[in-house]
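Visitor: Next up is a structure, given as structure tokens.
The values are calculated or read from the model by the stated rules, or taken from the named source; none is laboratory data. Note that this is a predicted model, so its numbers are computed, not measured. Glycine also receives a Cβ, built like all others from the backbone with ideal geometry; neighbour counts cover every protein chain displayed. The accessibility values were calculated without ligands, DNA or RNA, using every heavy atom of the protein model including side chains. Shrake-Rupley method; radii C 1.70, N 1.55, O 1.52, S 1.80 Å.
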Amino acid sequence: MKPLILQSDFGLDDGAVSAMHGVAYSVNENLPIHDLTHNIPPYDVWEASCRLVQTVNYWPEGSVFVSVIDPGVGSQRLSVVALTKTGHYIVTPDNGTLTHLATTFGIREAREIDESINRLPGSGESYTFHGRDIYAYTGARLASGTITLDGVGPKVPVDSIVSLPITRPKREGTQVTGTIDTHDVRYGSLWTNIPRPLFRELGIAHGEYALAHIANEGEDVYSAPLRYGRSFADVSVGEALIYVNSLDNMAIAINRGSFAKAYNVGQGTHWTVDFTYPITGM
């Protein structure tokens with residue numbers, strides 16, 4: 001058996017997550033079940049995509065992830081299982097949840113879930129809790145070895161998988177540009193999609209300053225020189241810095257504070273960030 005890891009926007013205030021666990025255990029009571037998070041903001045497929053790419057590659061090959069952020073539940077959107085090129089299975093609505101995994105690691109194969117086989121018995125007239133009736137059930141069958149990928153359903157062309165619009169990071173001369181993909185939620189740090197190697201092409205060293213500029217749909221929100229540090233301790237309490245986050249991408253934080261709250265910064269492709277080095281006049 002392989003681990004089954006659940007993600008949703010259900011929260012923990014009612015029995016929805018427990019019901020998913022129960023369905024999975026009904027497939028095999030020895031199945032190892034874990035939770036990624038159930039605090040994805042309601043209907044936020046982008047955030048779900050970001051949390052999957054933050055997590056998936058740190059689990060053993062063959063692990064099965066069930067991700068249920070499904071504003072289109074009961075509609076004609078497909079229910080799929082995707083096998084990433086890292087060997088992980090993702091059970092999810094085909095609504096963009098796979099965007100960052102596909103971009104970062106790639107999708108090897110995808111299958112549409114055949115609901116005539118892979119659906120909780122007796123749930124056929126329920127159309128609003130596919131997380132329990134289809135995704136948790138199918139994920140558990142896959143993780144427990146009850147079915148293989150072939151048993152999920154018919155193949156879906158990988159290039160037909162729904163992808164959300166993304167903006168790839170780039171370097172132009174003394175500047176690198178990207179987007180603020182998400183936040184380190186609890187601490188309010190800004191996580192960009194700019195990889196460390198691209199940033200380091202600027203020639204900056206730890207302890208030096210780069211000009212950080214943030215905009216929302218082209219409107220300036222923040223601009224200031226920030227120190228490039230190894231960790232938060234490289235600056236004073238309350239001071240902002242640039243650092244490398246746990247995904248090996250560039251991030252911006254305030255030591256013991258929330259940058260997102262301090263400057264009212266959001267996330268998504270309309271939030272752009274650029275770093276310039278060297279700074280003229282410094």
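Visitor: Residue by residue, what Karplus-based ³J(HN,Hα) values in Hz, rounded to whole numbers, does the range 214-226 have, using 6.51, -1.76 and 1.60 with θ = phi - 60° and x for Gly and Pro?
Guide: 10, 9, 10, 6, x, 8, 4, 10, 7, 7, 6, x, 10
Visitor: Using only alpha carbon pairs under 8 Å that are at least six residues apart, calculate the relative contact order of the chain and give it in whole percent.
Guide: RCO, the chain: 16 percent.
Visitor: HN-Hα J couplings of the range 112-126 from phi, Karplus 6.51/-1.76/1.60, θ = phi - 60°, integer Hz, Gly and Pro as x?
Guide: Whole-Hz 3J(HN,Hα) from phi for the range 112-126: 7, 6, 7, 6, 6, 10, 9, 8, 3, x, x, 9, x, 9, 9.
Visitor: For the range 148-212, give the percent of accessible area contributed by carbon and sulfur heavy atoms, probe 1.4 Å, rounded to a whole number.
Guide: The nonpolar share, carbon plus sulfur, comes to 52 percent.
Visitor: Using protein chains only and a probe of 1.4 angstrom, how many square angstrom of residue 247 are accessible, to the nearest 10?
Guide: Using a 1.4 Å probe on the heavy atoms, I get roughly 50 Å².
Visitor: Please state the shape class of the range 164-216: rounded when a/c is under 1.5, otherwise prolate if a/b exceeds b/c and oblate if not, all from the C-alpha gyration tensor.
Guide: Because a/c hits 1.5 or more and a/b fails to exceed b/c, the range 164-216 counts as oblate.
Visitor: Using a Gaussian network model on the chain with a 10 Å cutoff between Cα atoms, which of 248, 70, 133 fluctuates the most?
Guide: 248
Visitor: If you filter the range 70-154 for chymotrypsin sites (Phe, Trp or Tyr not before Pro), then keep DSSP loop positions with at most 13 other Cβ within 10 Å, what is left?
Guide: Listed in order of number, the matching sites are 127.
Visitor: Is the C-alpha gyration tensor of the range 213-252 telling us rounded, prolate or oblate? Criteria: a/c under 1.5 is rounded; beyond that, a/b larger than b/c is prolate, otherwise oblate. Display every interim value, and only then the final one.
Guide: Numbers: a/c = 3.08, a/b = 1.50, b/c = 2.05.
Verdict is oblate for the range 213-252.
Visitor: Using unit Cβ charges (K, R positive; D, E negative) and no other charged atoms, how large, in debye to the nearest 20, is the dipole of the chain about its Cα centre?
Guide: 640 debye
Visitor: For the pair residue 25 and residue 114, how long in nm is the line joining their label points, each one 7 Å along Cα→Cβ?
Guide: Here the modelled spin labels are 3.0 nm apart.
Visitor: Now a separate question. About its Cα centre, how strong a charge dipole does the range 219-282 have in debye, to the nearest 20, once Lys and Arg get +1 and Asp and Glu get -1 at the Cβ? Walk me through the numbers on the way to the answer.
Guide: Working: 4 positive and 6 negative charges, 50 e Å.
I would put it at about 240 debye.
Visitor: Does the range 241-282 come out rounded, prolate or oblate by the C-alpha gyration tensor, with a ≥ b ≥ c the root eigenvalues, rounded set by a/c under 1.5 and, if not, prolate when a/b is larger than b/c and oblate if not? Numbers along the way, then the final one.
Guide: Working: a/c = 1.40, a/b = 1.35, b/c = 1.03.
The shape class here is rounded.
Visitor: Find the relative contact order for the range 46-93 and round it to a whole percent, using C-alpha pairs within less than 8 Å whose residues are 6+ positions apart. Don't skip to the answer; put the middle values down first.
Guide: On the way: 54 pairs, mean separation 19.7, N = 48.
Across the range 46-93, relative contact order equals 41 percent.
Visitor: To continue, here is another question. Which order do 108, 77, 132 take when ranked by solvent-accessible area (1.4 Å probe, heavy atoms of all protein chains), largest first?
Guide: Result, largest first: 108, 132, 77.
Visitor: Using only Cα atoms, locate the centre of the range 34-79 and the centre of the range 216-245, then give the distance between them in Å, rounded to an integer.
Guide: So the separation of the two Cα centres works out to 29 Å.
Visitor: Straight-line reach from residue 155: which aspartates and glutamates have Cα under 15 Å away, leaving out those fewer than 8 places along the same chain?
Guide: Once the sequence-local aspartates and glutamates are set aside, what remains near residue 155 is 94, 109, 112, 114, 115.
Visitor: Rounding to the nearest 10 and keeping the result within 0 to 90°, find how far the Cα-based axis of helix 16-27 lies from the longest principal axis of the chain.
Guide: 50 degrees
Visitor: Please list, in order along the range 238-247, the HN-Hα scalar couplings obtained from phi with the Karplus expression 6.51 cos²θ - 1.76 cosθ + 1.60 (θ = phi - 60°), rounded to whole Hz, x for Gly and Pro.
Guide: Listing the rounded values in order: x, 9, 8, 8, 9, 8, 9, 7, 6, 9 Hz.
Visitor: Where the accessible area of the range 1-83 is counted over protein heavy atoms with a 1.4 Å probe, how much of it, in %, is carbon and sulfur? Numbers along the way, then the final one.
Guide: Working: 1770 of 3600 Å².
With neighbouring chains kept in place, the figure for the range 1-83 is 49 percent.
Visitor: May I ask for the longest run of the chain untouched by GluC sites (Glu not before Pro) that are loop-located per DSSP and have at most 15 neighbouring C-beta atoms (other than their own) within 10 Å? All intermediate terms of the calculation are to be shown ahead of the outcome.
Guide: Details: sites that count: 29, 61, 125, 201, 217.
Result, exposed sites excluded: 126-200.
Visitor: Sticking with this structure for a sec: Roughly what % antiparallel, to the nearest 5, for the DSSP beta bridges in the chain?
Guide: Numbers: 48 of 62 bridges.
Around 75 percent antiparallel, to the nearest 5.
Visitor: At 0.36 nm per residue, minus the direct Cα-Cα distance, what do residue 43 and residue 219 gain on full extension? Give it in nm, one decimal, please.
Guide: Extra length from residue 43 to residue 219 when fully extended: 60.7 nm.
Visitor: Accessible area per residue, 1.4 Å probe, Å², for the chain: what's the number?
Guide: I get 46 Å² per residue for the chain.
Visitor: For every helix of n ≥ 4 consecutive DSSP H residues, a contribution of -39,500 (n - 2.57) applies; sum these over the chain, divide by its total residues, and give [θ] at 222 nm rounded to the nearest 500 deg cm²/dmol.
Guide: Only helices count here, giving -4500 deg cm²/dmol.
Visitor: Report the FRET efficiency, 1/(1 + (r/R0)^6), for residue 171 and residue 76, where r is their Cβ-Cβ distance and R0 is 51 Å, rounded to 0.05.
Guide: 0.80
Visitor: Here's something else I'd like to know. What FRET efficiency, computed as 1/(1 + (r/R0)^6) with R0 = 25 Å and r the Cβ-Cβ distance, is obtained for residue 127 and residue 14, rounded to the nearest 0.05?
Guide: 0.85
Visitor: Still on this structure: What is the spread of the Cα atoms of the range 58-183 along each of their three principal axes, largest first, in whole Å?
Guide: 61, 29, 27
Visitor: Give me, ordered by chain and number, the residues 5 or more places off residue 109 or on other chains with an amide H under 5 Å from its own placed amide H.
Guide: Residues meeting the criterion, in which the H sits 1.01 Å from N, are 83.
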